Amino acid sequence: MIRLFLSLCSFSPLKINHIFGALIGNLLYFTSSEAKKVSEQNIEICFPEITNQERQSLVKKTLIHTGQNLTESGLIWNKSFSKNVSLVQSIKGEHYLDSSKNTILLVPHIGCWEITGRVLADKRKVTFMYKPLRSQKQNAYLFKRRNQGNLTMASADKTGIFKIQRALKNRELVGMLPDQDPGEEGGIMAPFFNKQANTMTLLAKIAKKNDVQVLMFWAERLPKGKGYELNLEPVNLGANGETLEQHVASMNDSIEALIRRLPEQYMWSYKRFKSTHSYG
């Protein structure tokens, strides 16, 4: 059913697509959805200073973006890379990709992260790391939709790490989404907003080992279906010091700073603090 729905989403113009997404978001907000409950708790943790009215407004806005993220994924996955590029109004900071250093793209779950790698893969080879889903059927479906052309998907395991290292050796772009709980292995506790969060160390380790530049990369969703604005900005992992813990803290600081700029477009429905917070 989901596959059929996403396929149908690919036939509508982006403006209509986002209207459908907004309807889904409103449905998530006005019902006792899991997405609403988790979003409320995450926003309360991260923005304790705002009023309840402000919190509910942000929850509603972010769930609308969550719905739009769902519907636009069907459009993006079922269109060519060149069609994806046509949805982009501008790319800020693209000159950073001309650096003599290899590049790791730090891609938080904000805006339309699904379009980021596909736009660059229209002209360059890009390898993105992903966390496999528990459902083999869903995982196979997503892999088929994402692993296309110049865009290679690497699972978050030893095989995937080998793919990432090989890509860097071949001077290809590498993308990672490090703002998810990596589980008992592969993470350390690091500050994120007002709470400790289990945070991926892999990006920081690979960056230090290979002496690469790290670029924050995100696609801001523009209003009224006008498309996307892509942004690339340097991240200084050594801002807090040179230990692994300090590099990971700097990574979280940079992600937090971006979220504060676009709080409504972040994926608050994910249980980011599940290692330290009991989601009721």
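Where a number appears in this text, it was derived from the coordinates with a stated rule and is not lab data. Nothing here was measured: the structure is a model prediction, and the numbers come from that model. Note that each Cβ is placed from the backbone with ideal geometry, even for glycine, and that neighbours are counted across all protein chains shown.
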Looking at this structure, is Pro191 surrounded by fewer than 16 Cβ atoms within 10 Å (Cβ to Cβ), touching a residue at least 12 places away in the same chain (Cβ under 8 Å) and within 16 Å of Asn42 (Cα to Cα)? yes
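Conditions tested, residue by residue: (1) aliphatic (A, V, I, L, M); (2) under 25 Å from Arg260 (Cα atoms); (3) touching a strand residue (DSSP E or B) at 6+ places or on another chain (Cβ under 7 Å).
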residue	(1), (2), (3)
Gly21	no, yes, no
Ser39	no, yes, no
Leu63	yes, yes, no
Lys79	no, no, no
Ser82	no, no, no
I'd like to check which strands (runs of 3 or more DSSP E) are fully inside segment 82-158 and have at least 3 residues that are in contact with a helix residue (DSSP H, G or I) (Cβ under 7 Å, 6 or more places away or on another chain). 103-106, 126-130, 151-155
Looking at this structure, is Gln53 touching a His at 6+ places or on another chain (Cβ under 6 Å) and either outside any strand (DSSP E or B) or closer than 21 Å to Tyr266 by Cβ (or both)? no
Looking at Pro48 and the list (1) surrounded by fewer than 20 Cβ atoms within 10 Å (Cβ to Cβ); (2) touching a residue at least 60 places away in the same chain (Cβ under 8 Å); (3) in a helix (DSSP H, G or I), which single condition is not satisfied? (3)
Identify the residue in segment 127-162 that is aromatic (Phe, Trp, Tyr) and either surrounded by fewer than 17 Cβ atoms within 10 Å (Cβ to Cβ) or out of contact with any strand residue (DSSP E or B) (no Cβ under 7 Å at 6 or more places or on another chain) (or both) and, among all such residues, is farthest from Ile2 (Cα to Cα). Phe162
